[in-house]
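Shown next, in structure tokens, is the structure this report addresses.
The values are calculated or read from the model by the stated rules, or taken from the named source; none is laboratory data. Computed from a predicted model, the values in this text were never measured in an experiment. All Cβ positions, even for glycine, are placed from backbone atoms using ideal geometry, and neighbour counts span all protein chains on display.
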Amino acid sequence: MQNLKAFSAIMAALVLGALMAAFAPGCKPAGPSRPKAQTTDSTTTDGGAPDVTIPAPEVKDESAAKEPADKSADAPDKASDKTDKAPDAKPTEDKASEGKPATEKPADKPADAKPDAAKSDEKAAAPAPADKAPEKAEKKADGAAAPSPASANATAQASNPAIQPGDWPQWGGTALRNNTPVAEGILTDWAPGDFDRKTGAWDKSSAKNIKWVSTLGSQTYGNTVVASGKVLLGTNNSNGYLKRYPADIDLGVLVCFNEADGKFLWQHSSEKLPTGRVHDWPLQGICCSPLVEGNRLWFVTSRGEVRCLDVEGFHDGEDDGRPESQEPARLFDVMRADDAAQDKVGGYLAELDQGKLPAELRARFEAAGMPLAAGEIAVKADEKAKAPSKRYTFQAEVNGKKRDFVVLLAGPRLSFFKIVTPDDKDEADVIWAFDMMKELGTRQHNMCSCSVTALGDILFVNSSNGVDESHLVIQAPDAPSFIAMDKNTGKVYWTDNSPGRNILHGQWSSPTVAVIGGVPQVLFGGGDGWLYSFKADKGQDGKPELLWKFDINPKDSILELGGRGTRNDIISTPVVYEDKVYFATGQDPEHGEGVGILWCIDPTKRGDISEKLAVNRKDPSKPIPVKRIQAVVEADGDMAIDNPNSGVIWKYTVNDANGDGKIEFVEQFHRSISTVAIKNGLLFVPDFSGLFHCVDAATGKVYWTYDMLAAAWGSPLIAGDKVYVGDEDGDIVVFNLSKEKHDPVAEINMGNSVYSTPIVANGVLYIANKDHVFAIAPTSGDGTKAGGGQ
């Protein structure tokens, strides 16, 4: 049986590669060829899940071979950086071979089993190595359409936007990323109610001031966005809103609810990459927030795609995207069984070859939300399909309307698809899609997580390019980390791969845009532990203009596997306040606690504005090349010197509050993945050790800290004269906007962990815990309403 599974896996890879030549979806952009996208594994199946793994391209980390230090972490006892975030889905990561950087097998057989109903005869371009640098930044998105009404803001503004009352259309409200909405009278007294552990039903008898509550997946890390009458956030598929994707199918999901009552409207579904946890960790869902402008939104999927959607979905009765091809949507799969006597695929193929739809499959179509009308259905075989693959099409009446369907045999899997139309009200209306893995050769580590932002028509994206599963090799060191695109078409203006071979882990920070001194800047937190600023324009010849860069780590900090070292990442989003840049340093939450730094820097400087410069004693007049493991190695003759061009205004690492000369736990700033919030000159930020800090934004003076006794994953909200922050225990802690030390004015448990950030839009407080999103506002009587299918 194991041999049969192995043979099936090999055949699947061969067949899927062949299928790409005939069924590659989307238009073929001009320019040099790129690696093909890794595609989804099976969804609903008969005969068990497919035993197919598509390996990623082999990439050689030359710096690892040349520098002994890159054997990182002297005999690591484990390479895993994940623990128990999803214990039911995550096996322990394999230990890295000591002193041997692991490499991934070449993915010379690209796999995409989704058909393109309109362009089945197009041949796919040959894949290029993932570590080949893009020759031109002229890539265009699949399905790119003409500019939409969202492009009204076509000219980049000459000054920073002011926060306006009303919607909260992106992470941080504006591109400055400061979570301080215009809001007064936001509640500090509410109760979420209880949920039945078996059925999930909401018992609102104990709820208070809950306008509505909607169900999410089992894990929710995306932050809530409210705009154009919609509430949007990322989660996983454990709630199973779509019939074609039951709750046991793992997906990355962007879900949309009605702002007024929390009613489910539509969802975008991202099937999991078959490469698994190295690129698309199980059950994590969509971890970023969308950007909404008018009737368009942009976000990054867990598959490494940048996508533009119609905010209305198909509720406007129109298909606004993909004018050159139709969008297939998987309904279900049937897998070949190991036991030939139990195999159904052969029989189904025989009937399909005779032009008939197997009668027993009608129930499967109905279960997937596509009840086929009674009567004979004529199936047509696609003669252009290359053996051993097969492709069929047919039309059938569903709920009184003619619908198109596609059947595809790819290796051991027989897949059934519908062609999406405006009748599919619960599906997303895709305007365009740009696959960073396919077009640019990027390889995210564990998850793609970037909440995009824009300046005028320029969309800014962090690719999440990172290390491989061993954590010793950068998978695609020459692939870009930072990208600027045309938000109307998906065309790439420029890319930058400054982190390159020095990426420490992953790249999960989101870009920030600000006009400072009349110059538009886009700030990117690099995976190499540097913060970069580029001119926020279309660049020149596919490259941006670097304004400044800043090393977020002390020069003697060391990278060690599993988070044991002191060399940190920037996972938080930089915030611009009064022409200064603020951010915290930290690591993947699964690395646990450790030392961190809260920085305030001057973005009007140019060049290397780090606190220190790394030089060698032999010639201290010239900085030495950046080193991945440790910037300054004394044994090599390196040393750190003060940077005369430093942009540091202040930094916070420790604060001897009682003046006893000893630094206690509560007198330190620890690792943090949280984004600061600043108002009235007061900065608030939690760290991952559970301390909540109040700091003078101008001077860095620490006014007070409060121990929440639980790790904080999200960031604070300042609404009116109150500050809200959530923690892993599910508590929302509320403070006064004051530099005077005080106890919380409220502490309310949301019934499950809060990994995201509270936001306010149109006078309503929104809080998402792991599996529900709550709209909190004054209500009359019980005044509560359950949305989202409750």
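When Gly321 is evaluated against the numbered criteria (1) small (Gly, Ala, Ser); (2) in the same structural domain as Arg413 (by TED's automatic domain parsing); (3) surrounded by 12 or more Cβ atoms within 10 Å (Cβ to Cβ), which criterion, by number, is the only one it fails?
(2)
Search segment 620-636 for residues being surrounded by 11 or more Cβ atoms within 10 Å (Cβ to Cβ) and among the hydrophobic types (A, V, I, L, M, F, W, C), and hand back the single one that is nearest to Asn553 (Cα to Cα).
Of segment 620-636, the ones surrounded by 11 or more Cβ atoms within 10 Å (Cβ to Cβ) are 620, 623-624, 626-634, 636.
From what's left, among the hydrophobic types (A, V, I, L, M, F, W, C): 624, 626, 629, 631-633.
Values: Ile624: 16, Val626: 12, Ile629: 11, Ala631: 9, Val632: 11, Val633: 14 Å.
Restricting to residues being surrounded by 11 or more Cβ atoms within 10 Å (Cβ to Cβ) and among the hydrophobic types (A, V, I, L, M, F, W, C), the top hit is Ala631.
If you take the residues of segment 531-561 that are out of contact with any Lys or Arg (no Cβ under 9 Å at 6 or more places or on another chain) and not in a strand (DSSP E or B), which of them is surrounded by the most Cβ atoms within 10 Å (Cβ to Cβ)?
Restricting to residues being out of contact with any Lys or Arg (no Cβ under 9 Å at 6 or more places or on another chain) and not in a strand (DSSP E or B), the top hit is Ala536.
How many of the residues in segment 647-666 are out of contact with any helix residue (DSSP H, G or I) (no Cβ under 8 Å at 6 or more places or on another chain) and closer than 18 Å to Pro554 by Cα?
7
Glu305 is checked against (1) in contact with a strand residue (DSSP E or B) (Cβ under 6 Å, 6 or more places away or on another chain); (2) closer than 23 Å to Asp771 by Cβ; (3) acidic (Asp, Glu) and fails just one. What number does that condition carry?
(2)
Every residue in segment 554-583 that is touching a Leu at 6+ places or on another chain (Cβ under 9 Å) and over 25 Å from Cys288 (Cα atoms), please.
Lys555, Leu559, Leu561, Gly565, Thr566, listed by residue number.
Identify all residues within segment 451-467 that are out of contact with any strand residue (DSSP E or B) (no Cβ under 7 Å at 6 or more places or on another chain) and crowded, with 24+ Cβ neighbours inside 10 Å; write none if there are none.
Applying the first criterion (out of contact with any strand residue (DSSP E or B) (no Cβ under 7 Å at 6 or more places or on another chain)) to segment 451-467 yields 451, 456.
Answer for segment 451-467, where residues must be out of contact with any strand residue (DSSP E or B) (no Cβ under 7 Å at 6 or more places or on another chain) and crowded, with 24+ Cβ neighbours inside 10 Å: just Ser451.
Only one of (1) hydrophobic (A, V, I, L, M, F, W, C); (2) surrounded by 19 or more Cβ atoms within 10 Å (Cβ to Cβ); (3) out of contact with any Gly (no Cβ under 9 Å at 6 or more places or on another chain); (4) within 22 Å of Asp424 (Cβ to Cβ) is not met by Ala396, so which one is it?
(3)
If we scan segment 364-384, do we find a residue that is touching a residue at least 60 places away in the same chain (Cβ under 8 Å) and among the aromatic types (Phe, Trp, Tyr)?
No, every residue in segment 364-384 fails to be touching a residue at least 60 places away in the same chain (Cβ under 8 Å) and among the aromatic types (Phe, Trp, Tyr).
Determine if segment 529-537 includes at least one residue that is under 28 Å from Asp280 (Cβ atoms) and within 18 Å of the chain's Cα centre (by Cα).
No, there is no match, as no residue in segment 529-537 is under 28 Å from Asp280 (Cβ atoms) and within 18 Å of the chain's Cα centre (by Cα).
Within segment 706-746, which residues are assigned to a loop (DSSP other than H, G, I, E, B), over 25 Å from His591 (Cα atoms) and of a type outside the set (A, V, I, L, M, F, W, C)?
Going residue by residue through segment 706-746, those that are assigned to a loop (DSSP other than H, G, I, E, B) are 708-716, 720-721, 727-730, 737-745.
Going one step further and asking which of them are over 25 Å from His591 (Cα atoms), we end up with 720-721, 737-745.
Within segment 706-746, Gly720, Asp721, Ser738, Lys739, Glu740, Lys741, His742, Asp743, Pro744 qualify.
Just to be sure I understand, how many residues within segment 252-284 are among the small types (Gly, Ala, Ser) and in contact with a Phe, Trp or Tyr (Cβ under 7 Å, 6 or more places away or on another chain)? First the steps, then the outcome.
Kept after step one, since they are among the small types (Gly, Ala, Ser), are these residues of segment 252-284: 252, 260, 262, 269-270, 276.
Checking which are in contact with a Phe, Trp or Tyr (Cβ under 7 Å, 6 or more places away or on another chain) leaves us with 262, 269.
Residues in segment 252-284 being among the small types (Gly, Ala, Ser) and in contact with a Phe, Trp or Tyr (Cβ under 7 Å, 6 or more places away or on another chain): 2 in total.
Go through segment 717-750 and count every residue that is without any contact (Cβ under 8 Å) to a residue 60 or more places away in the chain, of a type in the set (Val, Ile, Thr) and over 21 Å from Thr224 (Cα atoms).
Qualifying residue count, segment 717-750: 0.
So which of Val306, Val379 is in contact with a helix residue (DSSP H, G or I) (Cβ under 7 Å, 6 or more places away or on another chain), β-branched (Val, Ile, Thr) and surrounded by fewer than 22 Cβ atoms within 10 Å (Cβ to Cβ)? Break it down stepwise before answering.
Details: Val306 fails: surrounded by fewer than 22 Cβ atoms within 10 Å (Cβ to Cβ).
Result of the check over Val306, Val379: Val379.
Could you check, for segment 430-452, whether at least one of its residues is within 20 Å of Leu361 (Cα to Cα) and among the aromatic types (Phe, Trp, Tyr)?
Going residue by residue through segment 430-452, those that are within 20 Å of Leu361 (Cα to Cα) are none.
Within segment 430-452 (the criterion being within 20 Å of Leu361 (Cα to Cα) and among the aromatic types (Phe, Trp, Tyr)), the answer is no, since none of the residues qualifies.
With the requirement that a residue be among the hydrophobic types (A, V, I, L, M, F, W, C) and either in contact (Cβ under 8 Å) with a residue 40 or more places away in the chain or assigned to a loop (DSSP other than H, G, I, E, B) (or both), what does segment 642-657 give you?
Of all residues in segment 642-657, those among the hydrophobic types (A, V, I, L, M, F, W, C) come to 648-650, 654, 657.
Once the filter is applied, which keeps residues that are among the hydrophobic types (A, V, I, L, M, F, W, C) and either in contact (Cβ under 8 Å) with a residue 40 or more places away in the chain or assigned to a loop (DSSP other than H, G, I, E, B) (or both), segment 642-657 yields Val648, Ile649, Trp650, Ala657.
Scan (1) in contact with a Lys or Arg (Cβ under 9 Å, 6 or more places away or on another chain); (2) assigned to a loop (DSSP other than H, G, I, E, B); (3) of a type outside the set (Lys, Arg) for the single condition Gly346 breaks and write down its number.
Status for Gly346: all satisfied but (2).
Can you tell me which of (1) part of a strand (DSSP E or B); (2) in contact with a Ser or Thr (Cβ under 6 Å, 6 or more places away or on another chain); (3) without any contact (Cβ under 8 Å) to a residue 60 or more places away in the chain; (4) not hydrophobic (A, V, I, L, M, F, W, C) is the one Tyr766 doesn't meet?
(3)
Taking the criterion of being crowded, with 22+ Cβ neighbours inside 10 Å and acidic (Asp, Glu), would at least one residue in segment 562-582 satisfy it?
So far as segment 562-582 goes, yes, one or more of its residues are crowded, with 22+ Cβ neighbours inside 10 Å and acidic (Asp, Glu).
Quick one: Phe434 ticks every box in (1) assigned by TED's automatic domain parsing to the domain that holds Asp478; (2) not in a strand (DSSP E or B) except a single one, so which number is it?
(2)
Can we say Lys487 is out of contact with any Gly (no Cβ under 7 Å at 6 or more places or on another chain), modelled with pLDDT of 95 or more and closer than 27 Å to Val334 by Cα?
On the way: out of contact with any Gly (no Cβ under 7 Å at 6 or more places or on another chain): yes; modelled with pLDDT of 95 or more: yes; closer than 27 Å to Val334 by Cα: no.
Answer is no for this residue.
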